[in-house]
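In what follows, a single structure is set out as structure tokens and then discussed.
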Amino acid sequence: MLRPRIFLASLLASLAFVNGGVALPNFVEQRKQTGGGDNTQPVGTNPISKFETKYLGQQNANNSCSHRDLGFTGQLQGKWYAIFGDTLWCSPGVADPSKDPEGFHGLVRDSVSLMTDDLLVVQDMHLNADSPVRHQLQFVPFNADWDEKNTFGFGGTSLVETADGAGAVYYLVNEDDNTLRGAGVGKVELVNGEPTVTQRFGSNGYWWPAPSTPRYGDVATFRDPRSDYIYIWGGAPTSITDFTNAQYVYLARVNAADAYDLSKYSYWWGQDAGWKTGQPHTEFGPTTATVWWTGQGQFVWSDFYDCYIFVHLSPGGGDVLLRTATSIEGPWTPDVKVYTATPIDGGLTYAGVAHPYLDTTGKTLTISYTNNNHIEVIRVTFSK
Ligand SMILES: *[C@@H]1O[C@H](CO)[C@@H](O)[C@H](O)[C@H]1NC(C)=O
């Protein structure tokens with residue numbers, strides 16, 4: 001289905017991969033030869049070797065109608081929510097997205113939904129007054145005082161709990177003409193039972209300017225259940241245009257209770273230099289990065305394997321990949337492919353989403369991903 005150009009801009013990371021995808025084998029080969037001081041090379045053996053993967057179906061809302069992407073999960077006050085990216089409303093009155101006629105019927109740049117007991121059903125939040133089918137309002141608000149417009153993208157990742165029942169969402173302010181302003185943090189509180197962005201930090205609505213600083217949080221965000229930290233992965237600064245160097249991903253973290261205080265963030269400068277508080281990366285490359293060449297995704301802690309798993313899709317491809325590590329700083333093992341999605345109408349597949357709350361033993365892991373603005377769900381059952 002043809003979609004307006006506008007929605008593609010929030011896929012900037014994915015698009016970069018797609019644009020560069022033709023050259024992938026060469027870039028990967030060249031990079032493998034870079035050798036010492038490189039934190040980002042896969043190390044060790046991935047313990048995931050025996051598994052069975054089942055396709056479960058598409059996930060839709062039971063109270064609204066749209067086509068959308070992402071849906072990164074996160075917890076707030078004991079409930080799990082999904083943060084979607086571009087949410088393209090269905091035509092007025094259409095309740096089933098598979099019956100939506102061609103054309104553009106309005107959109108918001110991101111939205112939030114409540115996960116239900118049925119993993120193929122979510123309950124959309126912040127609905128407008130459209131009748132008979134209501135549509136979602138935008139989750140991260142734009143602010144005209146910062147010269148932001150309703151066309152701006154806010155590429156959000158997971159909702160993470162901070163303290164006192166509040167949460168945070170990490171987002172990337174995107175002017176939607178491929179100009180990224182920077183990465184920032186919003187405070188999320190439950191208002192009338194719905195997660196609501198009640199404050200955005202930074203004098204211009206973001207903290208880390210995209211040209212000079214990694215876009216912390218735009219690749220993955222994680223509230224580590226094994227510590228007090230929120231970990232955030234972000235892509236390279238936009239001033240880095242060399243293809244290989246632009247694919248490095250940088251790590252930062254903060255105590256969850258300090259998530260609204262920029263000075264409390266620490267930045268991982270690599271295995272040798274370790275964590276530096278208050279010092280965002282100013283050097284970029286394999287010694288200060290954590291990983292290289294990964295799509296957006298989510299971390300989980302696996303009690304089954306006793307390690308972290310990062311769920312993501314192959315950049316520019318439809319493979320659902322799992323890599324593991326015993327600490328978020330890495331090193332990470334090589335990826336194991338657990339599924340290959342079939343692109344719908346030749347569209348993009350991206351964004352690995354984990355649903356760990358469905359099985360806390362870690363014996364199974366339910367995963368969703370975006371397939372051309374449909375959310376598809378699979379379940380991996382592991383065995384040893
Ligand atoms: C959607 O699902 C939620 C959770 O199961 C439920 O509470 C709600 O009533 C459902 N809404 C509709 C319109 O079916």
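Where in the chain lies the longest segment free of GluC sites (Glu not before Pro) that are both loop residues by DSSP (not H, G, I, E, B) and have at most 14 other Cβ atoms within 10 Å? It runs 103-282. To the nearest 500 deg cm²/dmol, what mean residue ellipticity at 222 nm is calculated for the chain from DSSP H runs of n ≥ 4 alone, each contributing -39,500 (n - 2.57), summed and divided by the residues? Calculated from helices alone, the mean residue ellipticity at 222 nm is -1500 deg cm²/dmol. Accessible surface calculations at 1.4 Å, restricted to protein heavy atoms, place the chain at 40 Å² per residue. About its Cα centre, the dipole of the chain is roughly 520 debye, where the only charges are +1 on Lys and Arg Cβ and -1 on Asp and Glu Cβ.
Model label points for Asp228 and Ser49, set 7 angstrom from Cα along the Cα-to-Cβ axis, are 4.0 nm apart. Rounded to the nearest 20, the Cβ-based charge dipole of segment 76-179 about its Cα centre (Lys and Arg +1, Asp and Glu -1) stands at 240 debye. Please grab the % of Cα pairs in segment 103-262 that end up more than 19 Å from each other. Beyond 19 Å sits 57 percent of the P(r) for segment 103-262.
When you restrict to C-alpha pairs under 8 Å that are six or more residues apart and normalise by the size of segment 6-383, the relative contact order lands at 18 percent. For segment 123-201, relative contact order (Cα pairs under 8 Å, six or more residues apart, normalised by length) works out to 20 percent.
Using r as the Cβ-Cβ distance of Leu262 and Leu120, and R0 as 35 Å, what FRET efficiency do you calculate, to the nearest 0.05? Working from the Cβ atoms, E equals 0.35.
Taking Ser327, Ser368, Ser91 in turn, the Gaussian network model of the chain (Cα-Cα springs below 10 Å) assigns the largest fluctuation to Ser327. Measuring r between the beta carbons of Thr340 and Ala144 and using R0 = 45 Å, the FRET efficiency lands at 0.55. Eigen-decomposition of the gyration tensor built on the alpha-carbon atoms of the chain gives equivalent ellipsoid semi-axes of 29, 24, 21 angstrom, largest listed first. Within straight-line reach of Lys276, meaning a Cα separation under 30 Å, sit the following lysines at least 8 residues removed in sequence or on another chain: Lys32, Lys187, Lys264.
Considering only Ile328, Ile83, Ile344, the mean-square fluctuation computed in a Gaussian network model of the chain, springs between alpha carbons under 10 angstrom, is largest for Ile344. Of interest is the spacing of the C-alpha centroids, which for segment 42-65 and segment 66-118 amounts to 19 Å.
Here the gap between Leu56 and Ser203, fully extended at 0.36 nm per residue and compared with their Cα-Cα distance, gives a gain of 48.5 nm.
The values are calculated or read from the model by the stated rules, or taken from the named source; none is laboratory data. Since this is a predicted model, take the numbers as computed values, not measurements. Here the Cβ is made from the backbone with ideal geometry for all residues, glycine too, and neighbour counts use every protein chain on show. These accessible areas exclude ligands, DNA and RNA; they are computed on the full protein's heavy atoms, side chains included. Shrake-Rupley method; radii C 1.70, N 1.55, O 1.52, S 1.80 Å.
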